[in-house]
Amino acid sequence: MKMFIQGQPADAQGADTIRVANPATGEIVDSVPKGGREDAKRAIDAASDAFKVWSEKPALERSRTLLKISETVRANVEDLGRTLTLEQGKPLGEAKSEINSFANTCEYYAGLIGRERGAQTPFSTGEGFFIVTKRPLGVVGAILPWNFPVSLMGWKVAPGLAAGDTFVVKPASTTPITDIKVASLMVKAGLPPGAVNVVTGPGGVVGEELLDNPKIAKIAFTGETGTGKRIMEGSSKSIKRLTLELGGSDPMIVCDDADLALAVEGAAWGRFRNCGQSCTSVKRLFLFDSIADEFIRAFVEKVKTIRVGNGLDASTHMGPVHTAEQRGKVEKMVEDAENRGAKDIVKGGRPTDKALQQGTFYAPAVLGGVDYDAMMAKEECFGPALPIFRVKDLEEALERANDTPYGLGSSVWTKDVEKAYHAAERIQAGTTWVNSPPIARAEVPFGGFKQSGFGRELGIEGLDHYYETKSIQFLEYGKGKKWAFPIN
Ligand code: NDP
């Protein structure tokens, strides 16, 4: 598969390629060009030219194009979903729902633009008034991770295109194919060539060109906190606008009055969807002591029903961990917790099933008695292993929940609305779900507190991050005397 520049499949200048492997089988799905700085520059120039055209289109036309994109992507959900499963590993049902979520995001922003209301505001001195307008930013560099390659591309390109911006997308090197297919469908749906380009290649080369190039006005990044720090540093050279969506270590708090059956389902969904590789996966489970035994009994039964397998197999509930390196990190964290005295409530690990030996599978692990200094309590555990902590009450749960440098998602499970409100106000995280697993919705702003990043994606706030704010001041005729020079 080639890159996608100026509305066309494109080779890189160099002949090197990146091989994209299926995490379920180890087989090569396809290869993409190993692009370099020159290729990134070519795409940036294409996006810069396209900006002149796209930013001048009336909002209604941008809105119609986004709707057409949404329709086209939905019509291709079978092929795109399958491609996503092959390169990422997630079960086909999850992959298709990710493709549809891209379409939803386009529809949402298509509906927002062209319908804004504004106001003119008088100066406090009575000399005139001002209006505040919004201007598109220019070319945006979107740098994507491998866990949700398509929906996270949508979180960036949909609001950005709605605002009038254009894009150079740098997908993760292990999941570039579906993004290239989506970009090509966008142009088929009527997007001007060059408005969305996809350049494949190492983050340290293609990504760095996006950071260095003065024609890039903003970087929209989702990925690890460590990479986010580098992005911040690199963007400072030309003071680029930035949105950083970074890692999380989300707490789930189950109170003594919670609907336990619902919470058990929520914990399984929250931890094991996408093989535990979501930024807002449930990564630390806090149970009130009084319900802990009952919850754990039901949860163990639930976890034992999870079928691990190839995402293309209709009976699979959970696919492989995305790479061997990623699985190694999960194994290291589980081992570290066990060495510090944690007990296996459900013993996870590499499945023994012969059919799964070529893939990077890891069966769900649930651990109890985990030390608060263990790696999985302190850092982001990006895979299907869940530490359970017992707490005596909500205050202890909140104190523990906040004891992390992250602050992305969180959830509280209770039937008491006052308790839910109290917890939501005190958890230091961008989102608190009440009696729900972490589900992102196009209309709800999403982002982190603390080291989980800054800026917001989705919602009206997400659109605002793709504009510059421009103020225009008007003086009423005849009132200019107040600023006559010299000042006295
Ligand atoms: P990485 O940070 O490793 O990579 C993300 C992207 O950054 C990739 O495209 C990568 O390219 C690129 N990159 C790497 N180095 C540089 C650089 N120096 N300059 C510019 N770009 C660079 O994250 P992962 O792909 O491993 O994704 C998993 C992480 O993302 C998890 O920590 C997870 O929590 C977080 N995440 C956060 C979300 C949120 O909304 N807060 C949502 C989803 C994930 P390449 O692949 O070529 O290395």
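The values are calculated or read from the model by the stated rules, or taken from the named source; none is laboratory data. Fair warning: this is a prediction, and the values are worked out from it, not measured in the lab. Cβ coordinates were reconstructed from backbone atoms using ideal geometry, including for glycine residues, and neighbour counts include every protein chain displayed. Note: areas computed on protein heavy atoms with side chains; ligands, DNA, RNA excluded. Shrake-Rupley method; radii C 1.70, N 1.55, O 1.52, S 1.80 Å.
Overview of results
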read-out	value
Unique residue being in the same structural domain as Y466 (by TED's automatic domain parsing), farther than 30 Å from R74 by Cβ and not β-branched (V, I, T) when the list is M232, M186, M153	M232
Residues located in the stretch 454-488, provided they are surrounded by 10 or more Cβ atoms within 10 Å (Cβ to Cβ) and part of a loop (DSSP other than H, G, I, E, B)	G455, R456, L458, H465, Y466, E476, K479
Which numbered condition K90 misses (of (1) assigned to a helix (DSSP H, G or I); (2) open to solvent by less than 10 Å² (accessible area, probe 1.4 Å))	(1)
Any hit, the stretch 339-362, residues being over 24 Å from E224 (Cα atoms), among the β-branched types (V, I, T) and without any contact (Cβ under 8 Å) to a residue 24 or more places away in the chain	yes
Residue tally, condition within 13 Å of the ligand (Cβ to nearest atom) and of a type in the set (A, V, I, L, M), over the stretch 314-332	2
In the stretch 186-206, the residues that are surrounded by fewer than 24 Cβ atoms within 10 Å (Cβ to Cβ) and either of a type in the set (G, A, S) or near the ligand (Cβ under 7 Å from one of its atoms) (or both)	A189, G190, P202, G203, G204
Hits in the stretch 136-167 - residues which are part of a loop (DSSP other than H, G, I, E, B) and within 14 Å of the ligand (Cβ to nearest atom)	L144, P145, W146, N147, F148
Residue within the stretch 288-307 that is more than 29 Å from V434 (Cβ to Cβ) and either at pLDDT below 95 or surrounded by 16 or more Cβ atoms within 10 Å (Cβ to Cβ) (or both) present	no
Inter-residue pairs, beta-carbon under 7 Å, first closer than 30 Å to T227 by Cα and in the stretch 244-271, second at pLDDT below 95, 6+ apart	L246/T225; G247/T225
Residue match in the stretch 40-53 (condition: open to solvent by 10 Å² or more (accessible area, probe 1.4 Å), touching a Phe, Trp or Tyr at 6+ places or on another chain (Cβ under 8 Å) and under 17 Å from F167 (Cβ atoms))	no
Test result for G138, open to solvent by 10 Å² or more (accessible area, probe 1.4 Å) and modelled with pLDDT of 95 or more	no
Condition met for T133 (more than 30 Å from S238 (Cβ to Cβ) and either acidic (D, E) or not assigned by TED's automatic domain parsing to the domain that holds T323 (or both))	no
Filter pass, T280 being among the β-branched types (V, I, T), in contact with a Phe, Trp or Tyr (Cβ under 9 Å, 6 or more places away or on another chain) and over 17 Å from M376 (Cβ atoms)	no
Complete set of residues in the stretch 207-225 that are within 11 Å of the ligand (Cβ to nearest atom) and touching a Ser or Thr at 6+ places or on another chain (Cβ under 6 Å)	L211, I219, A220
The stretch 227-255: number of residues that are near the ligand (Cβ under 7 Å from one of its atoms) and more than 23 Å from P159 (Cα to Cα)	4
The stretch 1-39, residues that are open to solvent by less than 80 Å² (accessible area, probe 1.4 Å) and among the charged types (D, E, K, R)	D30, D39
Failed item in (1) farther than 27 Å from G118 by Cβ; (2) modelled with pLDDT of 95 or more, with P445 passing the rest	(1)
